[in-house]
Amino acid sequence: MTRAERLRDLIIRDVESSGFNAHGLHVLVGADTAEHRWTADGRADVHSVGKGVCALALGCAEDDGLISIDAPVAPLFPAVSPGAGTEAVTFRDLITMTSGVDFPWTPTLMTDWPDLAQEFLRRPSRGRSFQYSNASTYTAMRALEAVVGDVGDYVDRRLLNPLGIYNAPWERCPRGSIVAGSGLHLRTEELARIGRLIRDDGRWHGERILAARWPRALHSDWVRAGDSPGYERYAFAGWDGYGHTWRLHGAYGQLVVFSGTTVVTVTAADHDRADRLAEDIAARVTQVKPAS
C-alpha cells in the first residue's frame, strides 16, 4: 500500500467517524495518488478556493508583462474618484486582503451596487490592515479584466486548459464579470490538479505554466489575520495552519491542504466541521511516514 493510499484510508476513517458531509477526496504524496468518493462525481462551487486561482491569474499576468502586482489599480477605473488612501491600493493589497477598505460580505454583495468594484474603490482606506472580503478579490479581477479582457477566458487559457481542465464555469455578476471570490465550479480531481501545480511551484508534469514565485506567494509573506487557530496568518489566498500545513479553504468544506510533497484535496457540503477536518488532516499527514 502506498503512502497516498494509507493517508486516504485514515482520512476516510476520520470523515466517516465524524459524520463530515464529504463529496470527494484526492490524496497526492510524491508521485502517488489515491481517491475516494462519497457522492456522484460532478462539478461544484469550490467557493473561496477560487481566490487562489485568482491569485495565480495575477501571477500569470505579471509573467506575461501585462501588469505589475504592486501597481495601484485605481488608474484602471478612470471613471472612479478613489477614496482617501485608496488611490494607492495595489493588486497585492487586494489579493492579500490588506487594502484597508472596509467592505464586509453580505448575501447580496454582487447586486447591492450598480458596480461593486467602483463602490469598493470609492471608499477610504484605513491603511494596510487585514479584512477578509470577497469584494477585494472581485475588484482585483475587475482591474485585471481591464487589461486582459474576460478573466474567465484568461484563466482558461493560461491556467486551466494547460492542466487539462476545460469549460469550467464561473458564477458571474450582473455585469458579466466573474464573481472571483467564489463561483468556480470544479470536480475534486480537477481541483487536485491545481493543488499539484501549486505544490510543484508552477510546473505541470515538468512544463512551466507560471513562475515559481506565484505558487510560493500563496504561503509566504504572511500578514496577520486574527487569533483563531488556523486563521492567524493569510498570504496570497492561503491560510497558515493547522500544525505544519497550510491550505486553500473554501466555504462548506472545500480544502486543499499542503505539507511538503503531500496535497490533500476535499470537496464537501459541511461548513461547520471543516476546520476540524483540516486539523485532522494535518495530524494524519504527520502520522503517515515513509515505509521502512
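For the reader, a short list of remarks on this structure follows.
- Overall, the chain carries a charge dipole of about 400 debye about its Cα centre when +1 sits on the Cβ of Lys and Arg and -1 on the Cβ of Asp and Glu, all other atoms neutral.
- Highest mobility in the GNM of the chain, judged by mean-square fluctuation with C-alpha springs under 10 Å and restricted to Gly253, Gly243, Gly206, is found for Gly206.
- 5 angstrom amide H check on Trp204, placed H, neighbours 5+ away: Ile209
- Accessible surface of the chain, 1.4 Å probe, proportion on carbon and sulfur as whole %: 48
- Burial ranking of peptide ranges 95-105, 148-158 (average Cβ count within 10 Å, highest at the top): 95-105, 148-158
- Its Cα centre serving as origin, the stretch 7-79 has a Cβ charge dipole (Lys and Arg +1, Asp and Glu -1) of approximately 240 debye.
- Residue among Asn167, Asn21, Asn134 with the largest mean-square fluctuation in a Gaussian network model of the chain, springs linking Cα atoms under 10 Å: Asn167
- Euclidean distance of C-alpha centroids, the stretch 71-85 and the stretch 1-38, integer Å: 46
- Sequence-distant residues sharing a close amide H with Ala251 (under 5 Å, placed H): Ser48, Val49
- The stretch 1-126, relative contact order in percent, only Cα pairs under 8 angstrom and at least six apart counted: 18
The values are calculated or read from the model by the stated rules, or taken from the named source; none is laboratory data. What you see is a predicted model; the values in this text were computed from it and never measured. Methodologically, a virtual Cβ is constructed for each residue, glycine included, from the backbone with ideal geometry; neighbour enumeration extends over all protein chains shown. We work out accessible area using only protein heavy atoms, side chains counted, and drop any ligands, DNA or RNA first. Shrake-Rupley method; radii C 1.70, N 1.55, O 1.52, S 1.80 Å.
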